[in-house]
Amino acid sequence: MSSFSDAALEKLGKYEHLIKPKAPAEMFPLQSPQMLQMLEKSLRKSLPESLKVYGTVFHINQGNPFKLKALVDKWPDFNTVVVRPQEQDMTDDLDHYTNTYQIYSKELKSCQESLVSSNVINWKQHLQIQSSQSSLDEVIQSLAAANSVQVKRTQCILYMMPQTARKLVPFLVDTKNLCPESGEPKAINQEMFKLSSLDVTHAGVVNKFWHFGGNERSQRFIERCIWTFPSTCLLGPEGTPVSWGLMDQTGEMRMGGTVPEYRGQGLISYVTHVHVQAQEKLGFPVYNHTDRANKIIQKMSHNLHHVPMPCDWNQWHCVPL
């Protein structure tokens, strides 16, 4: 028989949450436009480390064309942000192009706790995690091991375009004494090449030459990006794309390429320059990445005055064992 009176038990129940050890809270989506705009402003203060998430949230606030959601561990003083698709869009367990998460965290320990205690990441699927924070590697490797998931990490050089860098990270441009204006690309044969934008029917050629593509699911992802976001291409004498650049759901310029027979003519440099100018005119933050071994694109980036970031572009490709 309890030695507490009913009134005392009622009072104890009222304050039970203060007595119990507090478990990490579930991450929750930000619903209102005001909250999402506040999140964008807050992430801007953490650039360049927050770039991949910042770029994604920026486009969520531009109408959310990819139908993504942003989740936080608490509000307004969040530690961790995860951007991911809606559950109903992640029906193919093998489609890691769609099943992609962008993560930024101010505090790695709380990030791990939040991701352990929530079901934000569906580890039963093939998936990708992207971030401009290399320090997340330990957290992701630990979570993947706990969920019997194999991880392949890709680290690349991250660039911000000159005007974007001047606007978002002026301290980097100043400290590195970099030119804030875009470099000019080499002139191209305007009679041979026609400036255009990609059509969904061009997805096959983009997919064929995309380093991360070459399969049916990547082609569907490229089709969706062409359908949803701005793109730039040069059409050759046959009327088909010979060089192109395309934006993904994070606002990054990706999947750029030139068909082999037209390489070495400065076409990708021209396409990149035109694409960047168009996006920056719209007020979009523009950035991209390149493989550390790709010296040709690094040289192009240098000539166009792209600003190398002190942090890396990271992608973790996760496959359940």
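The values are calculated or read from the model by the stated rules, or taken from the named source; none is laboratory data. Since this is a predicted model, take the numbers as computed values, not measurements. Methodologically, a virtual Cβ is constructed for each residue, glycine included, from the backbone with ideal geometry; neighbour enumeration extends over all protein chains shown. Ligands, DNA and RNA are excluded from the accessible area calculation, which covers all protein heavy atoms including side chains. Shrake-Rupley method; radii C 1.70, N 1.55, O 1.52, S 1.80 Å.
Please compute the per residue accessible area over the chain with all protein chains in place, 1.4 Å probe, rounded to a whole number of Å². Each step should come with its number before you reach the end.
Numbers: 16070 Å² over 321 residues.
On a per-residue basis, the chain sits at 50 Å².
Quick one: compute the contact order of the chain, relative version, from alpha carbon pairs under 8 angstrom and 6+ residues apart, as a percent. Working shown, then result.
Details: 562 pairs, mean separation 70.1, N = 321.
Answer for the chain is 22 percent.
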Item to complete: Note the listed values [x] 20.5; [y] 18.8; [z] 16.1, then indicate which one is mean projected area of the Cα convex hull in nm² calculated from this particular structure.
Response: [x]
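Accessible area, 1.4 Å probe, largest first: how do 223, 261 sort?
Heavy-atom accessible area, descending, gives 261, 223.
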Worksheet item: Given charges of +1 on the Cβ of Lys and Arg and -1 on the Cβ of Asp and Glu, with all other atoms neutral, how large is the dipole of the chain about its Cα centre, in debye to the nearest 20?
Response: 480
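Residue 107 to residue 186: extension gain in nm, 0.36 nm per residue of separation minus the Cα-Cα distance?
On the way: separation 79, 0.36 × 79 = 28.44 nm, distance 4.45 nm.
Difference between extended and current length: 24.0 nm.
Roll a 1.4 angstrom probe over the protein heavy atoms and tell me the percent of accessible area of segment 183-304 that is carbon or sulfur. Don't skip to the answer; put the middle values down first.
On the way: 3060 of 5900 Å².
Result for segment 183-304: 52 percent of the exposed heavy-atom area is carbon or sulfur.
Among the listed pairs 52/109; 74/106; 69/281; 106/167; 208/299, which have their C-alpha atoms separated by more than 18 angstrom in this model? Could you put the intermediate results ahead of the total?
Numbers: 52/109 20 Å; 74/106 12 Å; 69/281 26 Å; 106/167 22 Å; 208/299 24 Å.
From the list (52/109; 74/106; 69/281; 106/167; 208/299), the Cα-Cα distance tops 18 Å for 52/109; 69/281; 106/167; 208/299.
Check each of the GluC sites (Glu not before Pro) in segment 98-171 and keep only those in coil by DSSP with at most 15 other C-beta atoms within 10 angstrom; list them in order. Can you show the working numbers first?
Numbers: sites: 107, 113, 138; in loops: 107.
Within segment 98-171, the qualifying GluC sites (Glu not before Pro) (loop, at most 15 other Cβ atoms within 10 Å) are 107.
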Item to complete: Could you tell me which of 270, 247, 163 has its Cα farthest along the dipole of the chain towards the positive end, charges placed at Cβ (Lys, Arg +1; Asp, Glu -1), taken about the Cα centre?
Response: 163
Discussion item. Please report the carbon-and-sulfur percent of the accessible area for segment 23-159; probe 1.4 Å, protein heavy atoms only, DNA, RNA and ligands left out.
Written reply: 48
Worksheet item: Label points 7 Å out from Cα along the Cβ direction at residue 116 and residue 238: separation in nm?
Response: 5.6
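About the Cα centre, and with charges only on the beta carbon of Lys, Arg (+1) and Asp, Glu (-1), how big is the dipole of segment 62-172? Nearest 20 debye, please.
Details: 11 positive and 11 negative charges, 80 e Å.
Magnitude of the dipole: close to 380 debye.
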